[in-house]
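Input: a single structure, listed below in structure tokens.
The values are calculated or read from the model by the stated rules, or taken from the named source; none is laboratory data. Treat the numbers as computed from the prediction; the structure is a model and nothing was measured. Don't worry about glycine lacking a Cβ; one is built from the backbone with ideal geometry, like all the others, and counts go over all protein chains shown.
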Amino acid sequence: MSVFPRIFLKPKEEIEIRQGFPWVFDNEIASVSFGGGNPLSLADCVVPDGWAVEVFSVAGLFLGTGIINRKSKITVRLLTPGRGEILFDSPENIHTDRGSQFFRERIKQAHEARFLFYGKNDSYRLIFAEADFIPGLTVDRYCTRENHVYLVVQFLSLSCEVFRKEILAALWEVCCPRGIYERSDVSVRALEGLEKKSGWIGAVFEPVIIIRENSVLLKIDLAEGQKTGYFLDQKNNRRLAAALAGKRRVLDAFTHTGAFGLNAALGGASSVIAADISEGAVRMTEENITLNKAGGVMKAVCADVFDLLRSYEATKTEFDMIILDPPAFAKKAGSSDNAFGGYKEINLRAMKLLAPGGILVTCSCSSFFDAALFYSMIVHAARDAKRRVQILEKHGAGPDHPVLAGYSQSEYLKCAVLRVV
């Protein structure tokens, strides 16, 4: 039996892990022991990045097996609650048939879970990283209107990058896609000591595709669109917006590809203005308006939303429904205080622009701006706007973005439906 390096945590640092938290941070590690030698500090240990390690509490309670990366603040990402030899031949020999089967089963389980809620012609998130028990891996499944399936993959951590071959083989086998596009082109890879990567894996196809979401056709760009090309997590919330939009004057702020606005337009809105600061996003929105024959109801505007809201207030422009789906204002731990002001600003001004009884659909996609802060922000915005607000519904991401118990970062999306009087 191989001996795996042992990571011993500081007192009480095992509590969250025992509750399901899948990370070990560098400042939580007391010592590293390997090969019968004396325990060493993390700084002095010689265990190479990418090796399998076992994690223990300070008292010697076994907690799980993961992959070490000393370049990252998240030093160990846990793969399994089992011992290392269950999957690997040795700490360095991690490419085994048992490991391949492990990833095949994880991907198969995620695939089957999606079919509880989605059909074969739907687009959805297939792998939601830690919440689907494959740390650092994101996979979105897109089905075009021609029923061609494409996967977009992001390897965001060393813990999945080292298993690239096994993961890709499992995705081809389980999902049978027409093509796989990689979008590992994000800055977070630098924090893991990894270079950016992007492009087709295998056969090359046109990266601009058309999918159908709810009853809306959407042109999206797998290569150049934000994140993995499109934000699939708001599908159910967009359907709700469509149901509320009938005969209303709608403003869709931070529209990206126009999805919220188009759902509202097809839901019977009397007019829709879709605004975004990105010229590329506005061009894509205009193409989607044409694609859905919604030009008589909806128009796209290229503008800074903060400035646009102020200008509408100055001209006393009024709406019956406003949708706020901004990018994450709190992108890292400790930034929530600054983000609070930004979220409050746009919500306050939106509340002022709404006619009495108007509907505000307001969102935050930042895991660092938690639900308590989000709803506190709404209270403060309503107070300063001098409006009374009823919270009609609270929502999050769709079921293709499961929340892992004990891992609050997976419950990142907040979407509130408010009535402003």
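Considering the conditions (1) closer than 23 Å to I180 by Cα; (2) touching a residue at least 24 places away in the same chain (Cβ under 8 Å), T255 is excluded by exactly one of them, (1).
Here's the yes/no breakdown for (1) under 22 Å from Y412 (Cα atoms); (2) outside the structural domain of V32 (by TED's automatic domain parsing); (3) loosely packed, with under 15 Cβ neighbours inside 10 Å:
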position	(1), (2), (3)
Q109	no, yes, yes
E112	no, yes, yes
D122	no, yes, no
D132	yes, yes, no
F155	yes, yes, no
L158	no, yes, no
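Here the stretch 353-389 is the region considered, the condition is being in a helix (DSSP H, G or I) and surrounded by fewer than 18 Cβ atoms within 10 Å (Cβ to Cβ), and the residue that is nearest to the chain's Cα centre (by Cα) is A371. Within the stretch 1-48, being assigned to a loop (DSSP other than H, G, I, E, B), modelled with pLDDT of 95 or more and charged (D, E, K, R) holds for K10, K12, E13. Taking the stretch 310-349 as the range and being assigned to a loop (DSSP other than H, G, I, E, B), surrounded by 18 or more Cβ atoms within 10 Å (Cβ to Cβ) and free of Cβ contacts under 8 Å to residues at least 60 places away in the same chain as the test, the residues that pass are F329, A330.
When the stretch 364-421 is filtered for residues that are of a type in the set (D, E), modelled with pLDDT of 95 or more and over 25 Å from H111 (Cβ atoms), the ones remaining, listed by number, are D384, E393.
Every listed requirement among (1) loosely packed, with under 15 Cβ neighbours inside 10 Å; (2) over 30 Å from G119 (Cβ atoms); (3) in contact with a Lys or Arg (Cβ under 9 Å, 6 or more places away or on another chain) is met by L392 save one, (2). With respect to the conditions (1) surrounded by 15 or more Cβ atoms within 10 Å (Cβ to Cβ); (2) under 22 Å from the mean Cα position of the chain (by Cα), V174 falls short on a single one, namely (2).
Flag: A265 does not match the condition of being within 24 Å of the chain's Cα centre (by Cα) and among the small types (G, A, S). G179 meets the conditions (1) closer than 23 Å to R114 by Cα; (2) surrounded by 15 or more Cβ atoms within 10 Å (Cβ to Cβ); (3) small (G, A, S); (4) modelled with pLDDT under 95 in every case but one. The failed one is (4). Of all the listed residues (V46, V58), the sole one being farther than 24 Å from A333 by Cβ, more than 30 Å from the chain's Cα centre (by Cα), free of Cβ contacts under 8 Å to residues at least 24 places away in the same chain and surrounded by fewer than 19 Cβ atoms within 10 Å (Cβ to Cβ) is V46.
Scanning the stretch 294-312 for residues that are closer than 18 Å to S271 by Cα and of a type in the set (D, E, K, R) yields a single hit, K299.
Note on the stretch 234-257: residues that are surrounded by fewer than 21 Cβ atoms within 10 Å (Cβ to Cβ) and under 26 Å from S187 (Cα atoms) amount to 1.
Of all residues in the stretch 16-43, exactly one satisfies the criterion of being loosely packed, with under 15 Cβ neighbours inside 10 Å and within 16 Å of E92 (Cα to Cα), namely G35.
Among residues of the stretch 392-421 being in contact with a Leu (Cβ under 6 Å, 6 or more places away or on another chain) and outside any loop (DSSP other than H, G, I, E, B), the one that is farthest from L348 (Cα to Cα) is S410.
Screening I67 against (1) surrounded by fewer than 20 Cβ atoms within 10 Å (Cβ to Cβ); (2) within 25 Å of E173 (Cα to Cα) leaves a single unmet condition, (1). State whether one or more residues within the stretch 334-347 are at pLDDT below 95 and in contact with a Lys or Arg (Cβ under 9 Å, 6 or more places away or on another chain). Within the stretch 334-347, one or more residues are at pLDDT below 95 and in contact with a Lys or Arg (Cβ under 9 Å, 6 or more places away or on another chain).
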